Structure formats: structure tokens, C-alpha cells
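Here the structure comes first, spelled out in C-alpha cells, and everything after it is commentary.
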Amino acid sequence: GAGVSQSPRYKVAKRGQDVALRCDPISGHVSLFWYQQALGQGPEFLTYFQNEAQLDKSGLPSDRFFAERPEGSVSTLKIQRTQQEDSAVYLCASSPGEGGSEKLFFGSGTQLSVL
Amino acid sequence: DAKTTQPPSMDCAEGRAANLPCNHSTISGNEYVYWYRQIHSQGPQYIIHGLKNNETNEMASLIITEDRKSSTLILPHATLRDTAVYYCIVRAKYNTDKLIFGTGTRLQVFP
């Protein structure tokens, strides 16, 4: 595709529900990142994949957060038993090389609202 | 990665140059200066990066001081569409670690 695509664009969940957020990176991009952005703040790192390998998950806030990229392309971020504090924009980014060494290409994000 | 300091907000008149400063006094010799911006409701967008020489592309110019402790991003003719949050980030170019964002500078371009 022309850019990084994320779906859904908006998600409203009741507290306690599970949600799944999808990211389609630019075709052929090796690296994929997930970030969480609270209102008025800069993006905060969650996790990083190099192809299908999850090399860094140090930013995941709790064990309710889980990410996967089984075939090294599409990635899914899953949040179990959502809480109000999970409300944020979830951004996905990809880059052609390893890590964030060159420029990252970001999607428009999924805005999650937990009621 | 070295830490950066940016003013929280700035204003600029449409058509004038917008000069966004960034301090990075602890920058290491192998660290580059990267700039991204985030327009409302969009993901961050790469603008430019540089090591020690001034850089220019179709979006902006980057001026890095000789001691590399600070830099300025210049938008030569700001438009209303340049209203965004601008992030200055320093990191080693071949650092495969994650990109760490601060809180950036909110640039408001007014008519």
C-alpha cells in the first residue's frame, strides 16, 4: 500500500472488553513499532518487531497488552479487559531497515475510548 | 539517546519563516538530530535529519550549531497547514532501538 494503514480508526469499548487493533505496514518494511499517545502528550513506545520477532516489549504497560506479527507483515495489538486508563491513540509505524535507524512511517492511529 | 529541550509553544504569521529551536547539550559525536511533526489527528511525519552540516529538503532546513549543542528547524514560508507539534529527537543513526519522543513544540501559524 501507499502508507501505513491502521484499523479501526475509532474504537469505543466498555470497560472490561477485549479489543484488537490492526496495523498494515508498508510492504517490505522490516521493522514495526507500536506507540501509545495520551491526549496532549508525545507518543510513548510500546513494542518493536523485526520481521516476525518481537525484539522489545519493554513499553507494554501490563500483561493485558499483547502484540503479534506472525508472518512478519500485518501486526495486531490486543488489549484484554480494557480499563479507562487505556483510552489513547495507538500509533503504528514501520521502517524499511532494522529499528528506528532511519525515518519511521506512521499510520494515522486508532483512537480507543474506554467507557 | 541524548535528551532534548524545546519550547512548549510558538506562534508564526502565515508567509513568514518559522524558526523552531532545540537544545541538545549532551549530544554524542555519533548522534544525529531528527525532526518529526504531528498534525492534528495524524501520525508523526518525518521532516529532516542531520549530523553537523546544515541540511535542506523540500520541507525544511536544519541548522546545527558548530558545537552541535543546539539546532533550529526552519520552515521558510509557513502556511496554515504547518500548524502542528514539532518533535526534535537525537539518536545514533544506526541505533536499532526505539525512537523516543518528548513533548515537542506546538507551532500555531496564524493568518
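The values are calculated or read from the model by the stated rules, or taken from the named source; none is laboratory data. Because the structure is predicted, anything quoted here is derived from the model rather than measured. Here the Cβ is made from the backbone with ideal geometry for all residues, glycine too, and neighbour counts use every protein chain on show.
Residues that are among the acidic types (D, E) and assigned to a strand (DSSP E or B): does region B:13-29 have at least one?
Residues of region B:13-29 among the acidic types (D, E): B:14.
From what is left, the residues that are assigned to a strand (DSSP E or B) are none.
Within region B:13-29, none of the residues are among the acidic types (D, E) and assigned to a strand (DSSP E or B).
Being modelled with pLDDT under 95 and not in a loop (DSSP other than H, G, I, E, B): is that true of A:F49 here? It is true that A:F49 is modelled with pLDDT under 95 and not in a loop (DSSP other than H, G, I, E, B).
Residue pairs whose Cβ atoms lie under 8 Å apart, sitting 6 or more positions apart in sequence or on different chains, and linking a residue in region B:68-81 that is more than 20 Å from B:C22 (Cα to Cα) to a partner that is among the small types (G, A, S) and at pLDDT 95 or above, are B:T79/B:G15.
Each row is one residue, and each column tells you yes or no for (1) farther than 18 Å from A:E44 by Cα; (2) at pLDDT 95 or above.
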| residue | (1), (2) |
| --- | --- |
| B:S28 | yes, no |
| B:Y36 | no, yes |
| B:T65 | yes, yes |
| B:Y86 | no, yes |
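Here B:P8 passes the criteria (1) in contact with a Lys or Arg (Cβ under 9 Å, 6 or more places away or on another chain); (2) under 27 Å from A:S95 (Cβ atoms); (3) within 14 Å of chain A (Cβ to nearest Cβ) except the one numbered (2). Residues that are under 12 Å from B:A18 (Cβ atoms) and surrounded by fewer than 15 Cβ atoms within 10 Å (Cβ to Cβ) within region B:82-111 comprise B:Q108, B:F110, listed in sequence order. When region A:1-31 is filtered for residues that are outside any loop (DSSP other than H, G, I, E, B), within 14 Å of another protein chain (Cβ to nearest Cβ) and at pLDDT 95 or above, the ones remaining, listed by number, are A:S5, A:Q6, A:S7, A:Y10, A:L21, A:C23, A:D24. The residue pairs whose first member lies in region A:36-50 and is more than 8 Å from chain B (Cβ to nearest Cβ), whose second member is basic (K, R) and surrounded by 17 or more Cβ atoms within 10 Å (Cβ to Cβ), and whose beta carbons are closer than 6 Å, counting only pairs six or more residues apart or on different chains, are A:F49/A:R69. If the condition is being over 11 Å from the mean Cα position of the chain (by Cα) and buried (at least 18 other Cβ atoms within 10 Å of the Cβ), then region B:39-54 contributes B:G43, B:P44. Contact annotation: residue pairs with Cβ atoms under 9 Å, 6 or more positions apart or on different chains, pairing a residue in region B:31-53 that is within 18 Å of A:S94 (Cα to Cα) with a partner that is assigned to a loop (DSSP other than H, G, I, E, B) and hydroxyl-bearing (S, T, Y), are B:Q42/A:S108; B:G43/A:S108. Could you go through region B:45-54 and let me know if any residue there is under 27 Å from A:L55 (Cα atoms), within 11 Å of another protein chain (Cβ to nearest Cβ) and part of a loop (DSSP other than H, G, I, E, B). No; the residues of region B:45-54 include none that is under 27 Å from A:L55 (Cα atoms), within 11 Å of another protein chain (Cβ to nearest Cβ) and part of a loop (DSSP other than H, G, I, E, B). State whether one or more residues within region A:10-17 are buried (at least 16 other Cβ atoms within 10 Å of the Cβ), more than 15 Å from the chain's Cα centre (by Cα), hydrophobic (A, V, I, L, M, F, W, C) and farther than 28 Å from B:C88 by Cβ. Scanning region A:10-17, I find at least one residue that is buried (at least 16 other Cβ atoms within 10 Å of the Cβ), more than 15 Å from the chain's Cα centre (by Cα), hydrophobic (A, V, I, L, M, F, W, C) and farther than 28 Å from B:C88 by Cβ, so the answer is yes. Taking (1) outside any helix (DSSP H, G or I); (2) charged (D, E, K, R); (3) touching a residue at least 40 places away in the same chain (Cβ under 8 Å); (4) more than 11 Å from chain A (Cβ to nearest Cβ) in turn, B:E58 satisfies each apart from (3).
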